[in-house]
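Structure first, commentary second.
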Amino acid sequence: MTEVLQPEILISEISNLLRDDRHVAIGAASPIPGSAALLAEEERRNSDSKLKVTILHSQKFNNFTDGSRELFDASAQGRIDTFFLGGVQIDGEANINLVGTGRYPKLEKRFSGSFGSALMYFVVPKIILFREEHTPRTLVKKVDFISAPGISPPNVYRPGGPKYLITNKALFSFNKKDKNFKIEKINPEFTLDEVIKSTGFEFKTNKNLKYFNMPSQKRIDILRNLIAPKVLNFYPQFAKKLWFN
Amino acid sequence: MTEVLQPEILISEISNLLRDDRHVAIGAASPIPGSAALLAEEERRNSDSKLKVTILHSQKFNNFTDGSRELFDASAQGRIDTFFLGGVQIDGEANINLVGTGRYPKLEKRFSGSFGSALMYFVVPKIILFREEHTPRTLVKKVDFISAPGISPPNVYRPGGPKYLITNKALFSFNKKDKNFKIEKINPEFTLDEVIKSTGFEFKTNKNLKYFNMPSQKRIDILRNLIAPKVLNFYPQFAKKLWFN
Amino acid sequence: MVNFDLMTVETIASKVEDNSLIGIPADYSGVPMSVTIEIIKRKKRNLRLYCLPLTTIQGDMLIGSGCVKEIETAAVTLGEYGQAPRFQDAIENSKIKIKDSTCPALHAQLQATEKSVPFMPLRGIIGSDLYHNRKDWSVIDNPMKTHSKDDEKIVILPAVQLDVLIFHAAKADINGNVQIGRRRELATLAHASKKVYVTVEEIVNEDFFECELKASATLPSLYIDGISLSKNGAWPCGLTDYYTLDSEEMNKYAKAAKHQETFDTYMENFISQSFYSNNLI
Amino acid sequence: MVNFDLMTVETIASKVEDNSLIGIPADYSGVPMSVTIEIIKRKKRNLRLYCLPLTTIQGDMLIGSGCVKEIETAAVTLGEYGQAPRFQDAIENSKIKIKDSTCPALHAQLQATEKSVPFMPLRGIIGSDLYHNRKDWSVIDNPMKTHSKDDEKIVILPAVQLDVLIFHAAKADINGNVQIGRRRELATLAHASKKVYVTVEEIVNEDFFECELKASATLPSLYIDGISLSKNGAWPCGLTDYYTLDSEEMNKYAKAAKHQETFDTYMENFISQSFYSNNLI
């Protein structure tokens, strides 16, 4: 069997999370989620439940025609099932910080900004938080700045919110009522204790803790033969480094 | 000289009112204003101050690409200089009624409806009221239903409003401060007394009262040779009756 | 061969449920006349029409046929062919309820749903009797204070979500994307509707998204729940680049619709003939 | 021969006044790099950037060159080429003011101006620290009471009118209409801007309004105050159907911009060369 690369395992795991979706949208700078969505689309191409994938930074994989506003409008209408958000920091209540570390506005380290998170996090039913780096620096007790909150009081319109958090070490589900994460799967290269130590917040453990699955040879073939060339179009740096080096 | 038709005189008079405009828009069922605007556009084609004409019910003479909303948005932005409104009834304070006569909602006689008047009348700087029929039935003391008011209190956003009223008998200007019409021009086929008698509201008379101008032969030629075929495209009934019978 | 399930015009009509709020396109946006006839045949009742922003023969026929309970519109008219007689009769004799509106308000209420906000502000309207007859509209003090207009009054309009939208268009592609051209109000209507059905003149063997120019003129399939092939589907109304409005038929209709009896005879005739070729491919 | 007065890129740059509020298109909407260089050359100062909804190298260059006083944006980033170094430095050392926002809010504020309403409501945002840093935003009780959410709180955003918008596009026609394709956010930007200048790759000898498909992809000349021919005008950013982003140059920039000194050297070089052919026809 071919050697499977670490990002490919993540792509495969994320792809599994999109099983029941009809339309997944991918925002800025998300090559791994983007690859996962295209993989899910490809695998369901001949099934009855097709998946639509919109990759915003691509002309080709973009189902919209009403300008860059349409993603937000369509999401607010409930037409997007899954969206991905990242975070410079993510905390135990699923608050995300895309702005920077330190005291706002004069930050110690400024990052890009909140993008569409302050609406998308509220309206898309399944938000998957994705941050490859899993350290106490990224998964923190309390974020320095809330770009978008993990939970909202009842007088705020909020049909959507966080469902999963996936890192290079583990997959968590989020429980809205208990306001906390629960570990669901672990990368077999790490122990649970290592994950606990690299997480700045407390999370619920799981008696049925599973491991990240090794993608099947068939899936790897699809990924490398059909998906990689597509990704090269709109995330050239990522695709070159992973698949075309 | 050719015999000039009555609607052609109106077209010519209205065309004169568009002198300083840059963009004139024409709404539903307005063949005479539409012809007037196209005439003005043609006469200024080779001048430095070109006129744009948008005729909503035409694909060809339509400068918009953002759907039927764009007229209202562009007007609210102040980008349309002149627009025409009609009225089942028009009263002395320039209130217009496009809905019907009698007691709303169970009217004695129902007409089409208010169209865009309830916004356009507020935002377009030069609204020209046009109603061919000039009788006490159309120009009334008080309209039965206000589709859009002639004047507004200071706490209502109102950069636009009525500037002229033109009928088959006369041209009036509207004075916002005095809240009344003043007669400016009269159709030479009628006397001032006849106009007064056929007007349901009082208006200011004018020492310098002028007559409707006979359009020049050159203008008539342009109208019949260049404008009439265009009008045939989007007001076929009107054009056929007037020019192609 | 297309990559989606084509519907018949009859199936689309059967999807329209009694009491539903239906989006009605203006005469220039692609009037779905072939489906309208099927709706009338099926004796749908208590429909609520939401016109963007007006209707002509389609609305008048539905009203004259007794399908309509309520209409929200800026106008009902036959344009150059005169007033809309069945509509006039229905209003003058209180047969239907009317929510008289103005074009930009009809747009704004759908835009609110498009953005999933509960309301939209709109200038104008204040001082119009339209306002006094609309319990669903409010006037508020502008909460966004500006220097010049500290006490400005402004109207707010509620978001309106349609149950179903039906319109006629030129072309669909093999993946169910529909060409709407400059008729972008159809996109707003579709964004604000729970279900969207489209009849088209033709289905072309290409994907509009392969060409940026065609993509610009497209309503994506993600907003569309069913497509039917229907040649001349807008007749006697026109369709840009395909056919113009049929003057003769409009005159005929305008005359017949003046009285309920002659209207009924006209409709019987209209229904019994097949003006539209609705073929599956 | 065209039916309007062509401008040079230099003239467009000269129209940008110090202190003005400038519309900045996203990296996928046609970045006007050739004009940006002229703005930097002319040492424009205290510019306020309004990004829809983000900026990449254009914003970072303007900030690094000392042209910017304030930026309202959802993000500044070099995308795959990393963080935007001059922006980071300016924020971390309080050299510029930032109005941190979120994409849909940046759209909504322009849509308010497009419709000439003083504000727009938007869902989301509540509970975000973005809100606490924006004195121009408010939370109100939803004035449009609905059954389910009687005490809903909702954010309202002020209308924002831009002083000037500059973007790069593929084509203009002989009458000064500009092809924007699916990049309809450019229409919203233009509708909300007092002045609009466009650079294009080519001017074609036709009228886009003659073809319904092309008209659908067009921003009409009525919103445009000046057009300049500028080949490769978006470089090193990409332009749909013309050229893709120049990875090599982006990497070079990302590296150089890490420090002010190396950025300055890079910019000196950049300015002294003529990457853009700005020809009048």
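The values are calculated or read from the model by the stated rules, or taken from the named source; none is laboratory data. Note that this is a predicted model, so its numbers are computed, not measured. With ideal geometry, Cβ positions are generated from the backbone for all residues, glycine too; neighbour counts draw on all protein chains shown.
Taken over the range B:57-74, the criterion of being of a type in the set (Val, Ile, Thr) and surrounded by fewer than 21 Cβ atoms within 10 Å (Cβ to Cβ) is satisfied by no residue. Does the range C:106-127 contain at least one residue that is basic (Lys, Arg), at pLDDT 95 or above and closer than 18 Å to C:Glu185 by Cα? Within the range C:106-127 (the criterion being basic (Lys, Arg), at pLDDT 95 or above and closer than 18 Å to C:Glu185 by Cα), the answer is yes, since at least one residue qualifies. D:Asn133 satisfies every condition listed in (1) more than 15 Å from the chain's Cα centre (by Cα); (2) assigned by TED's automatic domain parsing to the domain that holds D:Gly23; (3) not hydroxyl-bearing (Ser, Thr, Tyr) except (2). Residue by residue through the range A:221-236, note down the ones that are aliphatic (A, V, I, L, M) and more than 20 Å from the chain's Cα centre (by Cα). Scanning the range A:221-236 gives A:Ile222, A:Leu226. Residues of the range C:124-139 that are surrounded by fewer than 24 Cβ atoms within 10 Å (Cβ to Cβ) and of a type outside the set (Gly, Ala, Ser): C:Ile126, C:Asp129, C:Tyr131, C:His132, C:Asn133, C:Arg134, C:Lys135, C:Asp136, C:Trp137, C:Val139.
Residues in the range C:37-71 that are among the basic types (Lys, Arg) and outside any helix (DSSP H, G or I) were compared, and the one that is nearest to C:Ile96 (Cα to Cα) is C:Lys69. When D:Asp18 is tested against (1) more than 30 Å from B:Ala74 (Cα to Cα); (2) more than 14 Å from chain A (Cβ to nearest Cβ); (3) assigned to a loop (DSSP other than H, G, I, E, B); (4) touching a Lys or Arg at 6+ places or on another chain (Cβ under 7 Å), only condition (1) is not met. Restricting attention to the range A:43-76 and to residues that are in contact (Cβ under 8 Å) with a residue 40 or more places away in the chain and polar (S, T, N, Q), the residue that is farthest from D:Ile180 (Cα to Cα) turns out to be A:Ser75. Scanning the range C:80-106 for residues that are facing chain B (nearest Cβ under 7 Å), over 23 Å from B:Gly67 (Cα atoms) and in a strand (DSSP E or B) gives C:Gln83, C:Ile98. Kindly indicate whether C:Gln111 is under 24 Å from the mean Cα position of the chain (by Cα) and surrounded by fewer than 21 Cβ atoms within 10 Å (Cβ to Cβ). It is false that C:Gln111 is under 24 Å from the mean Cα position of the chain (by Cα) and surrounded by fewer than 21 Cβ atoms within 10 Å (Cβ to Cβ). Pairs linking a residue in the range B:104-115 that is more than 20 Å from C:Ala105 (Cβ to Cβ) to a residue that is part of a loop (DSSP other than H, G, I, E, B), with Cβ atoms under 7 Å and 6 or more positions apart or on different chains, are B:Lys106/C:Ser94.
Can you say whether B:Pro153 is assigned by TED's automatic domain parsing to the domain that holds B:Thr199, without any contact (Cβ under 8 Å) to a residue 24 or more places away in the chain, assigned to a loop (DSSP other than H, G, I, E, B) and not charged (D, E, K, R), as far as the supplied structure shows?
yes
What residue, among those in the range C:189-232 that are small (Gly, Ala, Ser) and in a helix (DSSP H, G or I), is nearest to the other protein chains (Cβ to nearest Cβ)? Per the criteria, the residue is C:Ser216. Scanning the range A:47-98 for residues that are more than 10 Å from every other protein chain (Cβ to nearest Cβ) and assigned to a loop (DSSP other than H, G, I, E, B) returns A:Ser47, A:Asp48, A:Ser49, A:Leu51, A:Asp81, A:Gly86, A:Gly87, A:Val88, A:Gly92, A:Glu93, A:Ala94. The C-beta contact set for the range B:1-21 (first residue among the small types (Gly, Ala, Ser), second residue part of a helix (DSSP H, G or I), distance under 7 angstrom, 6+ apart or interchain) comprises B:Ser12/B:Arg219; B:Ser15/B:Ala36; B:Ser15/B:Leu39; B:Ser15/B:Ala40.
For the range B:1-40, filtering for residues that are in contact with a Phe, Trp or Tyr (Cβ under 9 Å, 6 or more places away or on another chain) and not in a helix (DSSP H, G or I) leaves 9.
Taking the range B:185-207 as the range and being outside any loop (DSSP other than H, G, I, E, B) and within 20 Å of B:Leu10 (Cα to Cα) as the test, the residues that pass are B:Lys185, B:Ile186, B:Leu192, B:Glu194, B:Val195, B:Ile196.
Among the residues of the range D:201-214, those identified as surrounded by fewer than 24 Cβ atoms within 10 Å (Cβ to Cβ) and of a type outside the set (S, T, N, Q) are D:Glu201, D:Glu202, D:Ile203, D:Val204, D:Glu206, D:Asp207, D:Phe209, D:Glu210, D:Cys211, D:Glu212, D:Leu213, D:Lys214.
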